[in-house]
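Quick note: the coordinates plus some simple rules give every number you see, no bench work behind them. These numbers come from a predicted model, not from an experiment. Using ideal geometry, Cβ is built from the backbone for each residue, glycine included, and neighbour counts are taken over all protein chains shown.
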Amino acid sequence: MAETNTGDTPKGLSRRDVIKGVIAAGAVTSGAAYLFRGSMVRAGGVAPGSVERLITLNVNGRERRVDVMKQETLATTLRYKLGLTGTKLGCDRSECGACTVLIDDVPHYSCSILTHTARGKNIVTIEGLAAADGTLHPVQQGIIDEQGFQCAFCMPGFIMATVGFLKVNPNPSREELAHGISGNLCRCQDYDKILTALMRGAQLSRI
C-alpha cells in the first residue's frame, strides 16, 4: 500500500523518511554525549557517583599505578594486574585464607577487599617479606627448616597470617599461635607440622 502524507509530515517526505530522520538524530545526540564524556575523562574529571579507575597502590614498599574496575578485589589486582601470584586464590569467598596479605600490618583476606579501599595503605604480600639482599623472613626460614607443608598451596596465607599475628604477640605459646592462624585452612590437613614450622619461625623472629 502506498504511503501517504499526513498533515504533520512535510510534502515530499514519507512517514518512513521521518522515522529514519528521528533515529539518525538520536544517534548523533548519543554520540555527542559519548564524545563529551570522553573529553571529561581525558581532562581528569570523574562523573559523580563513578569510581576512578587508574589508581596508585603501595605494594611491598613500591608505588604501583594500576587500572582497576570498581568491583575488582585486591586478590585479582595483585595476581592478574601486578603479577604477584604468591597470593593464592582458593575459595574466593573469605573462608580458606590462602589469599591473606597484610594491610597496614593487619592480616586480611584479599579476595574480600575491594582494591579501591586499599588506596593510601601499605600492602604487603608474600613477595615483600624477604630482605632486599634475598634474606628470607624468619617465618619463611622456619618453614624451610621444618619442611612444614605438603602441597604448599596454602603456605603463603599461613605465613602472612603468622607474620601479622607476631606483630601483636611476638612470643606466643603453641596454643596462642594456633588460635591466631585459625582463619587459615590446609586441604592437606597437616596442621601439626605446619604449626611446628610456624613456631620455629616465631623463635627465629626473636633472635
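Summary of values
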| item | result |
| --- | --- |
| Spacing of the two label points (7 Å from each Cα toward its C-beta) at Ser112 and Cys151, in nm | 2.2 nm |
| Over 28 Å between alpha carbons, listed pairs Lys81/Lys193; Lys88/Lys167; Lys70/Lys167 | Lys81/Lys193; Lys70/Lys167 |
| Label point distance in nm, Asn169-Arg206, each placed 7 Å from Cα along Cα→Cβ | 1.3 nm |
| Label-to-label distance, nm, for residues given as Lys121 and Leu136 (7 Å Cα→Cβ offset) | 2.9 nm |
| Gyration tensor (alpha-carbon) shape descriptor, region 95-156, a/c threshold 1.5 | oblate |
| Packing-based order for 134-146, 90-102, 150-162, using average beta carbon neighbours within 10 Å, highest first | 150-162, 90-102, 134-146 |
